[in-house]
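Single-structure report; data block below.
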Amino acid sequence: MIDKRELEIIEFIKKNREVSSSEIFEGLSTSVSYATVKRRLSRLIDENLLTKKGQGKSTKYLISPSYEILYPVDIEKYYEKEIDERDIRGSFNLQLIPKTLKECSVFTTNELVQLGLLQKKFEKNIAQLSETEYKKELERLAIDLSWKSSQIEGNTYSLLETERLLKEKETASGKTKEEAIMLLNHKEAIDFIIEYPDYLIPLSVPKIEDIHSLLIKELGVDKNIRKRRVGISGTNYRPLDNEFQISEALSDMCELVNSKEDVFEKALLLLVLISYIQPFVDGNKRTARIVSNAILMNHKYCPISFRTVDSVEYKKAMLLFYEQNNISSMKAIFIDQFKFAVNTYF
């Protein structure tokens, strides 16, 4: 998180647009050394919140084009305001995918180092497992992912009930048929990406539709791109309602993800953008979680179960992205859950 001093630097640059380090030093109200200002500027650049142009004494500092996406938001403070009091982006941002996200990285250098070290730990762990042991751990993660992904969508099965259902096909008493189908569909979709790890490479709209079809089978949900308007509870954000614009946004997303080199960035972008576009009548976030994991698994990265995510916090993080196009909270969840997966499974 940025501190008050860094926040003051950001606000000063916002107000004055392009400024030198000496101008920032002179303009700050708090008493700090020039060397401290320079260090803070370097850190804010590393965090992708600022950018600079020019060299030497001609160097000017500016707010980064990715600032609004990456700026760390105090999510509890954000939701102190009720839905109609929040100042939000009410409609889909047409520039977000083909322009803004294309021109920035959503992870800082330090975050990528952290994730890279965790991935190396995962690789070391699985190198010591037999094929049978590896499959057993993957099965455990698949059950956890099926349970949590369904729970986020309101499914009331417990983790133990989910395990009995997926292993022994034993339904839980007092639960609906649809809840069992949702869980079984998750397991089928995960099994599919395990069996065909290269299926989503390169990413395309029809392949995403195929994953969605597995997840909504026998649930009375329309397949393919939606042709009508949808609303999202808890927010005034309105997704695109034109079938052709939705298809175009999905195509832009696929092009963006295919163009990114970093696997973690690919996975996080899919996690938020499929949900943001809302291409289907239902099952969007479920599809996002499975497709995101498919990308990780294709590149032999540790998949994520989301097991310890609080469902309400997950939804708050997604609503923040809908309303502000800010990825900070979802990114924190992604990093935390990747760390949990590496340290818990395999």
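Applying 1/(1 + (r/R0)^6) with R0 = 25 Å to the Cβ-Cβ distance of T109 and A35 gives a FRET efficiency near 0.70. The order of the peptides 192-200, 285-293 by mean Cβ neighbours within 10 Å, most packed first, is 285-293, 192-200.
With 10 Å bins beginning at zero, the pair-distance distribution over Cα atoms of the chain amounts to 5, 23, 31, 23, 12, 5, 1, 0 %.
Between the listed residues I232, V291, I97, the Cα displaced farthest toward the positive end of the dipole of the chain, a dipole computed from Cβ unit charges relative to the Cα centre, is found at I97. Full extension of the chain between Q95 and A332 yields a length gain of 82.9 nm, computed as 0.36 nm times the residue separation minus the alpha carbon distance. Helix 284-298 and the long axis of the chain differ in direction by around 90°, with both axes built from C-alpha atoms. From most to least packed by mean Cβ count within 10 Å, the peptides 155-165, 107-117, 325-335 give 325-335, 155-165, 107-117.
A simple charge model with +1 on the Cβ of Lys and Arg, -1 on the Cβ of Asp and Glu and nothing else charged puts the dipole of the range 13-167 at about 880 debye relative to its Cα centre. Out of Y71, G27, I274, whose Cα points farthest toward the positive end of the dipole of the chain (charges: +1 Lys, Arg; -1 Asp, Glu; placed on Cβ)? Of the listed residues, the answer is G27. Counting only Cα atoms, the range 80-125 measures 49, 30, 17 Å along its principal axes, largest extent leading. The stretch between R140 and I232, if pulled fully straight at 0.36 nm per residue, gains 29.9 nm over its current Cα-Cα span. Dipole of the range 96-344 computed with +1 at Lys/Arg Cβ and -1 at Asp/Glu Cβ about the Cα centre; of A172, L320, I152, farthest Cα towards the positive end is L320.
Its Cα centre serving as origin, the chain has a Cβ charge dipole (Lys and Arg +1, Asp and Glu -1) of approximately 700 debye.
Once the C-beta distance of D84 and I201 is scaled by a Förster radius of 41 Å, the resulting FRET efficiency is 0.45 to the nearest 0.05. Pairing the Cα long axis of helix 4-16 with the longest principal axis of the chain, what angle in degrees results, from 0 to 90 and rounded to the nearest 10? So the helix axis and the longest Cα principal axis differ by about 70 degrees. Helix 34-46: angle to the longest alpha-carbon principal axis of the chain, degrees 0 to 90, nearest 10? Taking the Cα atoms of the chain, the angle to 34-46 is about 30 degrees.
Multiplying the residue separation of T59 and E11 by 0.36 nm and subtracting their alpha-carbon distance yields 15.4 nm. The base-10 log of I(q)/I(0) for the range 1-154, evaluated at q = 0.13, 0.20, 0.21 Å⁻¹, reads -0.87, -1.29, -1.34 [Debye formula, identical scatterers on Cα atoms, solvent excluded]. About the centre of its Cα atoms, the range 79-212 shows a dipole size close to 300 debye [charges on the beta carbon of Lys, Arg (+1) and Asp, Glu (-1) only; nearest 20 debye].
Think of it as helices only: each DSSP H run of n ≥ 4 in the chain is worth -39500 (n - 2.57), and spread over all residues that comes to -18500 deg cm²/dmol at 222 nm.
Annotation: average projected area of the range 4-64 is 3.6 square nanometres, based on the convex hull of Cα atoms across all directions.
Every read-out reported here was derived from the displayed coordinates using simple, explicitly stated rules and does not represent laboratory data. Only a predicted model underlies this, so the values are computations on that prediction, with no experimental measurement involved. All Cβ positions, even for glycine, are placed from backbone atoms using ideal geometry, and neighbour counts span all protein chains on display.
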